[in-house]
Amino acid sequence: MSTKCKVNLIAKFNLSKKKPDPHVKRLDVNKIVINQSNIPISDSLKSVLAKVLNFAVTPKHIPVDDIIAQVDVALKGLGHNPADVARSEIAAILKNAKKPISNISKDERFELSKLKNRDDIVILSADKGNATVIMDETTYNNKIQDLCNYGSYTKINRDPTNCLATKNNNIITKSTSLIDQIKQSSLKSSTARPPRFYGLPKIHQIGTPLRPIVSTINSPTYKLARFLSETLLPFTGKSTSAVLNSAHLVSLIKDISLSPDDLLVSFDVVSLFTNVPVLDTIAIIEDLVQQGLNPDVPTLVRLCLTNTYFTWNGTFYKQNDGTPMGYPLSPVVANVFMEKFETDAIQTSTLLPSLWTRYVDDTFVIWPHGLPALNQFLNHINSIHPSIKFTMEVEKDGKLPFPYVLIEKRP
């Protein structure tokens, strides 16, 4: 008897003050707000933090002065008369505006005001899921320092920002075949600042390790990296294994018929971005020139990927290999490398999966050859490149969790 893949998308519920629907399962606040600090957290604080960190609290009063100041900046490009008309109309609107209705309770607002004065805890989004994590600042700082000390990073003695900005601007000037003069001015760095390092807690792993993230906005090569990401994107995703998102995966597998012995399996690359071999990836990008990629792209990519760095706690670190999470170029170059990697891995395997689909570092596989051969296949793909290692999860009771999707067999 054959079975089919049944796919359930995991719903994301928004908290609101509407009348609760008795048919909708209520969310457990204790699963949304995870307190790993040594301080007790009141129910009111849990309630407001459960609205997640991008929730906007309505102000107590309309910020008239701030609005007028921002309006004046926006009106500078208009002529004298149109600007005066706009100011008059906006002033009339502000004069008649009513005080906004609060979207949190008094107790929640009081807890938020107390939170502003605390410097012994940090509040973070979880690495995956929609949870908010409270952590002692000392614990968080120690974990970040461990990442800096034992990760693929080396301390450097000085801030390389200005030097790298000059290199960035010079190489853009020379890339006339790829970037015209008008575009060049928008990609050059004028007021660059160092990338900042932080971590997101992995709440489903023992010890809650942090995933290292580098905020690269306004860094010397940020705009160039974003441009190169857009340039390289059309050269990726052409393999049959490419999956765009969870909905795309659902459409691919929802009608697949399985044999009784087929296993549902997921492979996950361990810390893909920080383990992408930079020089090997640049070599792959150089080969893409034969497929129509502009010949200036590999040189520009090399500048971006071999000069990644960040600052933490007043110290500067250079990343020795891999690409930082938070860098615009990282996802596309990871895909460039993984498409070549998985082609080599599958072509050199004696036994093949009946389905191999991948979204960045997560791969869903249907394996028809039994568990012993599956373990051999895991050893095989882990032997392809010293930097790329996979973990494996096999279905339990006919069910396999995948990012934002639950896949299960059904008759």
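The values are calculated or read from the model by the stated rules, or taken from the named source; none is laboratory data. These numbers come from a predicted model, not from an experiment. Virtual Cβ from ideal backbone geometry, glycine too; neighbours counted across all protein chains shown. Accessible surface areas use protein heavy atoms only, side chains included; no ligands, DNA or RNA. Shrake-Rupley method; radii C 1.70, N 1.55, O 1.52, S 1.80 Å.
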Treat every Asp and Glu Cβ in segment 94-178 as -1 and every Lys and Arg Cβ as +1, leave all other atoms uncharged, and give the resulting dipole magnitude about the Cα centre to the nearest 20 debye. 600
Mind checking which aspartates and glutamates have their Cα closer than 19 Å to the Cα of K116? Skip sequence neighbours fewer than 8 apart in that chain. D43, D107, E108, D136, E137
Test item: Cα-centred dipole of the chain, Lys/Arg +1 and Asp/Glu -1 on Cβ, debye: 1300
Going through the cross-link list K51/K223; K238/K318; K128/K318; K31/K223; K46/K143, which pairs have a Cα-Cα distance over 28 Å in this structure? K51/K223; K238/K318; K31/K223
Carbon and sulfur atoms account, in whole percent of the 1.4 Å probe accessible area of the chain, for 53
What helix-only [θ] at 222 nm does the chain give? Using -39500 (n - 2.57) per DSSP H run of at least 4, over all residues, to the nearest 500, the answer is -11000 deg cm²/dmol
Comparing L75, L233, L187 in a Gaussian network model of the chain (Cα, 10 Å), the one with the largest mean-square fluctuation is L75
List the aspartates and glutamates whose Cα lies under 19 Å from the Cα of K389, skipping any in the same chain that are fewer than 8 positions away. D268, D280, D321, E339, E342, D344, D361, D362
Suppose all protein chains stay in the model; what accessible area per residue would a 1.4 Å probe give for the chain, in Å²? 57
Could you tell me which of I68, T281, T299 has its Cα farthest along the dipole of the chain towards the positive end, charges placed at Cβ (Lys, Arg +1; Asp, Glu -1), taken about the Cα centre? I68
Residue-span extension gain [D65 to K238] - 0.36 nm each, minus C-alpha spacing: 57.0 nm
Taking square-rooted eigenvalues a ≥ b ≥ c of the alpha carbon gyration tensor, is segment 194-328 rounded, prolate or oblate, where a/c under 1.5 means rounded and, failing that, a/b exceeding b/c means prolate? oblate
Relative contact order for segment 266-332 using alpha-carbon pairs under 8 Å, separation at least 6, rounded to a whole percent? 42
Under the definition of Cα pairs under 8 Å and six or more residues apart, what whole-number percent is the relative contact order of segment 37-139? 40
Rounded, prolate or oblate, given the Cα gyration tensor of the chain, with a/c below 1.5 counting as rounded? oblate
So which residue, out of P212, P100, P353, gets the largest mean-square fluctuation from a GNM of the chain using Cα contacts under 10 Å as springs? P100
Top of L112, L329, L49 by mean-square fluctuation, Gaussian network on the chain, Cα under 10 Å: L112
